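Colleague: Would you mind keeping the following structure in view while I ask a few things?
The values are calculated or read from the model by the stated rules, or taken from the named source; none is laboratory data. Please read all numbers here as calculations on a predicted model, not as lab measurements. Don't worry about glycine lacking a Cβ; one is built from the backbone with ideal geometry, like all the others, and counts go over all protein chains shown. When the accessible area is computed, the model is the full protein with side chains, heavy atoms only, and any ligands, DNA or RNA have been set aside. Shrake-Rupley method; radii C 1.70, N 1.55, O 1.52, S 1.80 Å.
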Amino acid sequence: ALTRIFDNPILEGELWLNEGKRARKTGLFHIAENSLAHADAAFEAMTEMRANLDPSLALSLNKDTHDVRVQFAKLKAATGKTTAALQLLDQDRIDIKSLL
């Protein structure tokens, strides 16, 4: 709530991301999913303003957005949804036969 008062979506997203990581690591998957969804929404709100951001802030936003995707993938893998986890990481395009 405080981050919304100060109108800082990046800080809000980072707080939700950290909470999502903590919940996933302790096995509270439903809480982790909600926290990561909030983080994703906060970072998505900043994406529209990316062109007007300071370059270092834009780079930080890219990293945070990627971190949310990785955490969602880890969450999916922890709940047995490995195909969904790979899709979140854009790994579904790998041709397994070409690797053999």
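Colleague: Search segment 79-100 for residues that are more than 20 Å from ALA23 (Cβ to Cβ) and pair each with any residue that is open to solvent by 80 Å² or more (accessible area, probe 1.4 Å) and at pLDDT 55 or above when their beta-carbon atoms are under 6 Å apart and the residues are at least 6 apart or on different chains.
Modeller: Cβ pairs passing all conditions: ASP92/LEU86.
Colleague: Consider ALA58 carefully, then state whether it is open to solvent by less than 70 Å² (accessible area, probe 1.4 Å) and either in contact (Cβ under 8 Å) with a residue 60 or more places away in the chain or in contact with a Lys or Arg (Cβ under 6 Å, 6 or more places away or on another chain) (or both). Walk me through how you get there before you give the answer.
Modeller: Working: open to solvent by less than 70 Å² (accessible area, probe 1.4 Å): yes; either in contact (Cβ under 8 Å) with a residue 60 or more places away in the chain or in contact with a Lys or Arg (Cβ under 6 Å, 6 or more places away or on another chain) (or both): yes.
So ALA58 passes the test.
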